[in-house]
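Colleague: My questions all concern the structure below.
The values are calculated or read from the model by the stated rules, or taken from the named source; none is laboratory data. Predicted, not measured: the structure shown is a model, and the values here were computed from it. FYI the Cβ positions are ideal-geometry reconstructions off the backbone, even for glycines, and counts take in every protein chain you see. Surface areas here come from the heavy atoms of the whole protein model, side chains and all, with no ligands, DNA or RNA. Shrake-Rupley method; radii C 1.70, N 1.55, O 1.52, S 1.80 Å.
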Amino acid sequence: MPANPFFEPWSTPFEAPPFAAITPETIEAALEEALARHEAEIAAIKAVPEAPSFENTILGLERAGRDLTRVASVFYNLASADTNDALQAIERRFAPLFSRHWSRIGLDADLFARVAAVHEARESLGLDPESLRLLERTHVGFVRAGARLGAQDKERLAAIDQRLAELGTAFAQNVLADERDTVIWLDDARDLDGLPDWLVAAASGAAAERGGEGRHAITLSRSLIEPFLTFSARRDLRERAFTAWVSRGEARRETDTRPIVAETVRLRAERARLLGYESFAHFKLDDSMARTPNAVDDLLKAVWRPALARVGEERAALAEVAAAEGVNDGVRPWDWRYLAEKVRRAKHDLDEGALKPYLALDNMIAAAFHVAGRLFGLSFTARHDVPTWHPDVRAFEVTGPDGAHVGLFYGDYFARPSKRSGAWASSFRGQRNLDGRVRPIIVNVMNFARGPRGEPTLLSFDDARTLFHEFGHALHGLLSDVTYGSLAGTSVARDWVELPSQLYEHWLETPEVIERFARHYRTNEPMPADLRERLKAARSFNQGFATVEYCACAFVDLDFHLLSEAGEIDPIAFERDALARIEMPAEIVMRHRTPHFAHVFAGSGYAAGYYSYLWSEVLDADAFEAFRETGDVFDAKTAKRLHDFVYAAGNRQDPADAYLAFRGRMPDVAPLLRKRGLLDRVAAPAAGEA
């Protein structure tokens, strides 16, 4: 039997995963073996005859599980970015196995006794600040996993966690199935009315990928569906496409996620009660920057009120256009983007179609790299000798100011049926300096609609912003420079992790970046000055809509997880009631409706945490002001502080302390409201109160 590649040295450049040798069979076998190895490592820690110490217990835990991390990192990246039936079957099989594995560790009384003994003696151990942080986070992790519970409660908690793992996997796979299987075919010439040439070409490419050569199709990829809703002159098709888009997860019996949501909410509430919390939201937020649901609610309401006022103005403007076009039944959700584009053209003489020729994907990637060079001295070199998991994937070596290797970066930019929707950053290998210097392998995954054969892929401005956002996450992983892997990169509080990504978006709109990289894909001419000015003037256009569709999701997420007992909940009725309480405008739909709200229900990462984007936006808007105040958005001293206390710092200190070290004070919410064009509609509260 050939050796399993996961347990052999990787002789590839930078020890990247040898994807050609990795199959579902090798993954499944490696997961089984790696779980067993990790169990043996944990047993060895418990069997140490000496008294518990930082070295034999905390560092023992830190070193344990490296084989498991190696296998799981590859597996879960492939399962998200290029899945198939075999990988999905492995996901379903191992979801409960992983849950039981981690429950056994987190609930092990003897193991926790060793951790608690070291934690109790922490003041006398002479630990450096990062080691003390590792000890604190290890202890907190066990407590939040239920290590202090009695035997009966531990048994119930483990059963809950196992079921939640199964439910999260089922939710993600059901939504992916709906997104993969739903296609709006445009077979009549009139179906293309209003669509710009680039969108017609993208629809042709989407059809060809699905065996419809010579036809046109719109999929539920955001890079296709949103432009279609923006430009299609066919109101009936807009309604059909919009309905399909917002009905993911509830349109078909076999992929219905509503029962999954109901059970998930019930179990999360029960889990929180077992751990002594009033609700899952109280449990989740207790280990965040926000700390309490009230703090989150206050921030959301501070933004919601002025956003509703702005929506009223936007709706009135859209209604005028609709009436002029003979629409007599008001503005509907499938009309908003279409009418807003007309208003934007009239008000700002700005056409999304006029922008895209200046936003070629390759140029925007180069722009993101350029900013990293200006801020942090990084360089990026394409490496065609590095193995990848799909022909579309690009690999780059990242080096620092001194030419030293920093890490490996993968970019996987195009939508395909085997990839889940959205955009994200992840890692195949994390950074650590314990037991030798290990540099990271980081990936960005997007779902851009590929350009026509032989033509470059052109992005919308929102797409370009998404690219910068995810690259900010990537830099958080690439620049990480901590001793302990469990504190590295993005292993931070959810409402802190979005700061590096959202802050990075700001540099996209700086004059240097626009002038140098926003160039016409045919002529290489820079974006005209008048177009740049119109783009700048339209920056806060439609921000009422954007703010409301986002905040509505955060309110609903919070409301679900404030339930102390969910009972026999109807998720759709609950969503409807939650939106009614905040007076959700009928013309706007949540950015992520409950049946496909993967952030919250395909795992617990953003459960009771979707507000994090807004919390971090308070931080990022204020942080960018630190650069503006110097008169140079690439100011070297400010960039050095940003590097040291944010991008390179991982979780070596509390996020509030990290922000204070960078900024010298806590943030002010006013820059956020000004950025969204809402400052003139509210008296801004102090951000420290957010």
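Colleague: Binning at 10 Å from 0, report for the stretch 459-544 what percent of all alpha-carbon pair distances ends up in each bin.
Modeller: Using 10 Å bins, I get a P(r) of 15, 38, 26, 15, 5, 0 for the stretch 459-544.
Colleague: Using the heavy atoms of the protein chains alone and a 1.4 angstrom probe, what is the accessible area of the stretch 17-56 per residue in square angstrom?
Modeller: Result: 49 Å² per residue.
Colleague: Classify the chain as rounded, prolate or oblate from the Cα gyration tensor: take a ≥ b ≥ c as the square roots of its eigenvalues, call it rounded if a/c is under 1.5, otherwise prolate when a/b beats b/c and oblate if not.
Modeller: Numbers: a/c = 1.44, a/b = 1.39, b/c = 1.03.
Taking the square roots of the gyration eigenvalues as a ≥ b ≥ c, the chain is rounded.
Colleague: With every protein chain left in place, what is the accessible area per residue of the stretch 463-532 in square angstrom, probe 1.4 Å?
Modeller: Values: 2260 Å² over 70 residues.
Heavy-atom SASA per residue in the stretch 463-532 reads 32 Å².
Colleague: Give the average over all directions of the projected area of the C-alpha convex hull of the stretch 265-329, one decimal, in nm². Display every interim value, and only then the final one.
Modeller: On the way: hull surface 28.3 nm².
Approximately 7.1 nm², given one-decimal rounding.
Colleague: Okay, moving on. Based on the mean of other Cβ atoms within 10 Å per residue, sort peptides 275-283, 643-651, 81-89 so the most packed one is first. All intermediate terms of the calculation are to be shown ahead of the outcome.
Modeller: Numbers: 275-283: 19.8, 643-651: 22.2, 81-89: 15.8.
Going from most to least packed, we get 643-651, 275-283, 81-89.
Colleague: Oh, and also: For the stretch 121-190, what does the accessible surface come to per residue with a 1.4 Å probe? Please give it in Å². Don't jump to the answer; show the numbers that get you there.
Modeller: Working: 3370 Å² over 70 residues.
Accessible area per residue, the stretch 121-190: 48 Å².
Colleague: Still on this structure: Treat each spin label as a single point 7 Å out from the Cα along the C-beta direction, and report the Asp349 to Trp424 distance in nm.
Modeller: Result for the modelled spin labels: 4.4 nm.
Colleague: Which order, highest average first, do 514-522, 607-615, 555-563 follow once you tally other Cβ atoms within 10 Å for each residue and take the mean per peptide?
Modeller: Numbers: 514-522: 17.4, 607-615: 25.9, 555-563: 23.0.
Ranked from most to least packed, the peptides come out as 607-615, 555-563, 514-522.
Colleague: Tell me the angle of helix 222-231 to the major Cα principal axis of the chain, expressed in degrees between 0 and 90 and rounded to the nearest ten.
Modeller: Relative to the chain, helix 222-231 is tipped by roughly 20 degrees.
Colleague: Taking Cα atoms, how many degrees apart are the long axis of helix 129-145 and the longest axis of the chain, rounded to 10 and kept between 0 and 90?
Modeller: In the chain, helix 129-145 runs at an angle near 80 degrees to the longest axis.
Colleague: Can you give the Kirkwood hydrodynamic radius for the stretch 484-643, in Å, rounded to one decimal and based on Cα pairs? Numbers along the way, then the final one.
Modeller: Values: mean 1/r = 0.0531 Å⁻¹.
18.8 Å is the Kirkwood radius here.
Colleague: Continuing with this model, one more query. If I compute solvent accessible area with a 1.4 Å probe over the protein chains, what percent of it on the chain is carbon and sulfur? Write down the numbers at each step before the final one.
Modeller: Working: 13680 of 27620 Å².
Carbon plus sulfur share of accessible area: 50 percent.
Colleague: Add -39500 (n - 2.57) for each DSSP H run of 4 or more in the chain, then divide by its residues: what number comes out at 222 nm, to the nearest 500 deg cm²/dmol? The partial results should precede the final answer.
Modeller: Values: 27 runs with 368 residues, N = 690.
So the helix-based figure for the chain works out to -17000 deg cm²/dmol.
Colleague: In addition: Which whole-percent values make up P(r) of the stretch 1-99 when all C-alpha to C-alpha distances are grouped in 10 Å steps starting at zero?
Modeller: It works out to 14, 41, 29, 14, 3, in whole percents.
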